[in-house]
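Please read the structure below before turning to the comments.
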Amino acid sequence: MANMTRRRTVELPDHPDFLWVADQKPKKAYDVIIIGAGGHGLATAYYLAKNHGITNVAVIEKGWLAGGNMGRNTTIIRSNYLWDESAGIYDHSLKLWENLEEEVGYEMFFSQRGVMTLAHSVSDVRSKQRNFYANHVNAVDSVWLTPEEVKEIAPIVNISEDIRYPVMGATFQPRGGIAKHDWVAWGYAKAAADMGVDIIQNCEVTGFKIVDGKVQGVKTTQGDIAANKVGMVAAGHTSVLAGMAGFDVPLQSRPLQALVSELNEQVLDTVIMSGAVHVYVSQAHKGELVMGAGTDSYNSYAQRGGFHVIEHQLAAACELFPIFERAHLLRTWGGIVDIAPDASPIIGLTPVENLFINSGWGTGGFKATPGSGWVMAATIANGEPDALAKPYALDRFISGHLIDEHGAAGVAH
Amino acid sequence: MLHIPCPYCGPRDETEFHYGSEAHVAYPENSSNLTDEEWAKFVFIRSNPKGWMAERWVHSAGCRRWFNVWRNTINHEFGPSYKPFTQQPKSPA
Ligand SMILES: Cc1cc2nc3c(=O)[nH]c(=O)nc-3n(C[C@H](O)[C@H](O)[C@H](O)COP(=O)(O)OP(=O)(O)OC[C@H]3O[C@@H](n4cnc5c(N)ncnc54)[C@H](O)[C@@H]3O)c2cc1C
Ligand SMILES: [Zn+2]
């Protein structure tokens, strides 16, 4: 089990430079407009073209390609959630990851190095074991580890019983891992553009054209653009867009921060998360330790948070991984995540005809990039929710069919 | 770290407080007659403005009292804070 890292030594291919030369102008009209060139918007455009043959598509982005959460996340990929609905969409996504680089023809540094989630108390052990059994029922790979087995896979973990929150066990998903987020975005963007999709940067959607309850296009800082169908894939800004279209969404936008250390020798070849002490860590390909924790507590659109949140996660990290004490912090940053009451996404139709929504991925949507784009493309193409997306409809907050992953995930990445 | 103006104690560090989300969300009248849609709105929908927002905080490691305050979600600037059941100051916008 110890050596599951797929270490890459390949030469990096050249980036498709033309994609971020911000001079592509929008056409007057498209079949489909996707708002937001994050991972989910780009993947939606890619699968619209690839799976449904719809190529008269524009992805409209107010900033630059993957400048939102897609370029700011800590890239943890796993599918070992608690509920059946989650197993459905997240494991579909993981299966897509497993062939994505070959399919898209772009290096993404997808590395199935496993994801370990530590338990630190008796109740923590019980809830993680419940999760572990639920994964088995859903045929999602999952292993229960004793503290000694944790140590075997990751020798730098402190499994002493004398620390404040001792390691009492862990779940482990061997198929989980990480990927290089910006390369994932560029890969999807390039493949979509090759099939005819326009990617328009520096173009903010400022309103919708809605006639008789039906969307006809968008207003933007580069003029009005007509469209038969529009998909909102705007992560932290979804509430703002829904407001322009005249309906409410149960989302709150919060800062989520992450950090990296300076480059180090390879000391960790898996991903370790701990919800109870609020830290998670992996070591990226160049050697930097990548860490994050929970959100800052308040609503914000500022893409930054408080340093006490960073201090809190570093305190936990240094106790769990004593050798980190000597690592130097290089950089911290934040993104704005869209959090739903049940910590699950909102995907599907909206009260406005031909306007579709994909949001609420909150702190954990990177892993779902392929699956989210896949179901969103099918939902837009067919005008009705894809089977895997159906449980995630906006009306679950009226029916009460919530998909409550809050307690299940702890640190919800 | 935010410097939050408690109306009882004055400005204090964020780590002394807990967040309480949108202010002035009243429990619905005629609650036994509400439809599922109306309940969903009360339970799950909170405003999420980009800009000035009236919100609640509790000074949990200080005076332990709840209060309301205007804060700008774009740059984290604070407007006036005020005690519950007092006249809400105008939005600084
Ligand atoms: C610090 C951090 C760590 C994270 N770690 C993980 C992790 O380890 N694993 C994981 O699975 N997930 C993680 N996430 C969550 C993940 O990043 C998000 O759930 C996911 O990226 C959201 O989808 P997206 O890529 O489409 O969002 P984004 O990249 O944010 O895309 C939305 C885009 O919409 C654009 N937009 C908004 N409004 C408009 C408008 N009016 N007009 C035009 N364009 C507009 C924005 O500029 C933005 O580019 C993390 C997030 C953060 C911030
Ligand atoms: Zn006080």
message: Using the Cα centre of region A:88-178 as the reference point, and only Cβ charges (+1 on K/R, -1 on D/E), how large is the resulting charge dipole? Debye, rounded to the nearest 20.
response: 420
- request: Would you be so kind as to identify which of A:Gln252, A:Val167, A:Phe321 lies farthest towards the positive end of the dipole of chain A, taking Lys and Arg as +1 and Asp and Glu as -1 on Cβ and the Cα centre as origin?
  value: A:Gln252
message: Using each residue's phi in region A:268-278, evaluate 6.51 cos²θ - 1.76 cosθ + 1.60 at θ = phi - 60° and report the 3J(HN,Hα) Karplus result to the nearest Hz, with x for Gly and Pro.
response: 9, 10, 9, 10, 10, 10, 9, x, 5, 9, 6
- line: Within 10 Å of the Cβ of an average residue in A:287-300, the count of other chain Cβ atoms is 3
message: Counting only helical runs of four or more DSSP H residues, what would the 222 nm mean residue ellipticity of chain A come to if each run contributes -39,500 (n - 2.57) and the total is spread over all its residues?
response: -8500 deg cm²/dmol
field: Antiparallel DSSP beta bridges within chain A, percent to nearest 5
entry: 70
- prompt: Within chain B, which cysteines find no other Cys whose Cβ is under 4.7 angstrom from their own?
  reply: B:Cys63
message: Under the rule that an exposed site lies in a DSSP loop and has at most 16 other Cβ atoms within 10 Å, name the longest stretch of chain B with no chymotrypsin sites (Phe, Trp or Tyr not before Pro) of that kind, not counting the sites themselves.
response: B:9-84
- prompt: lysines near A:Lys128 by alpha-carbon distance under 21 Å, same-chain residues fewer than 8 away left out - which ones?
  reply: A:Lys151, A:Lys367
- prompt: A:Ile403: net charge of surrounding residues, Cβ under 14 Å, Lys/Arg +1, Asp/Glu -1, itself excluded?
  reply: -4
message: Going by Cα centres, region B:1-48 and region A:177-204 are how many Å apart?
response: 38
- prompt: Could you give the dipole magnitude of chain A about its Cα centre, charging the beta-carbon of Lys and Arg +1 and that of Asp and Glu -1, in debye to the nearest 20?
  reply: 440
query: Once you sort the root eigenvalues of the Cα gyration tensor of chain B as a ≥ b ≥ c, which label holds: rounded (a/c under 1.5), prolate (a/b larger than b/c) or oblate (the other case)?
result: prolate
query: With a sphere of radius 13 Å drawn around the Cβ of A:Ile153, what net charge do the other residues whose Cβ falls strictly inside it have (Lys, Arg +1; Asp, Glu -1)?
result: -2
task: Classify region A:72-158 as rounded, prolate or oblate, taking a ≥ b ≥ c as the square roots of the eigenvalues of its Cα gyration tensor: rounded when a/c is under 1.5, otherwise prolate if a/b is larger than b/c and oblate if not.
output: oblate
Region A:149-194: trypsin sites (Lys or Arg not before Pro) in DSSP coil with no more than 10 other Cβ atoms inside 10 Å: A:Arg164
- line: Residues whose built amide H sits under 5 Å from the amide H of A:Ala293, excluding neighbours closer than 5 in sequence, are A:Gln257
task: Provide A:Leu330, A:Leu65, A:Leu96 in ascending order of the number of other Cβ atoms located within 10 Å of each residue's Cβ, fewest first.
output: A:Leu330, A:Leu96, A:Leu65
- prompt: If you add up the charges near A:Thr220, with Lys and Arg at +1 and Asp and Glu at -1, over every other residue whose beta carbon is less than 15 angstrom from its beta carbon, what do you get?
  reply: +2
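Among the GluC sites (Glu not before Pro) in region A:124-210, which ones are in a DSSP loop with at most 12 other Cβ atoms within 10 Å of the Cβ? Mind listing them?
Passing sites in region A:124-210 are A:Glu161.
So, with +1 on the Cβ of K and R and -1 on the Cβ of D and E, and no other charges, what is the size of the charge dipole of region A:328-413 about its Cα centre, to the nearest 20 debye?
I would put it at about 320 debye.
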task: Assign one of three labels to region A:110-208, namely rounded, prolate or oblate, based on the Cα gyration tensor with a ≥ b ≥ c the square roots of its eigenvalues; rounded applies when a/c is under 1.5, prolate when it is not and a/b is larger than b/c, and oblate otherwise.
output: prolate
message: Need the C-alpha centroid separation for region A:80-159 versus region A:263-312, integer Å.
response: 18
Within straight-line cross-link reach of A:Lys95, aspartates and glutamates at Cα separation under 15 Å, skipping those fewer than 8 residues along the same chain: A:Glu103, A:Asp141
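Readers should treat all values here as calculations from the given coordinates under stated rules, not as data from a laboratory. These numbers come from a predicted model, not from an experiment. So basically every Cβ, Gly included, is an ideal-geometry build from the backbone, and we count neighbours across all protein chains shown.
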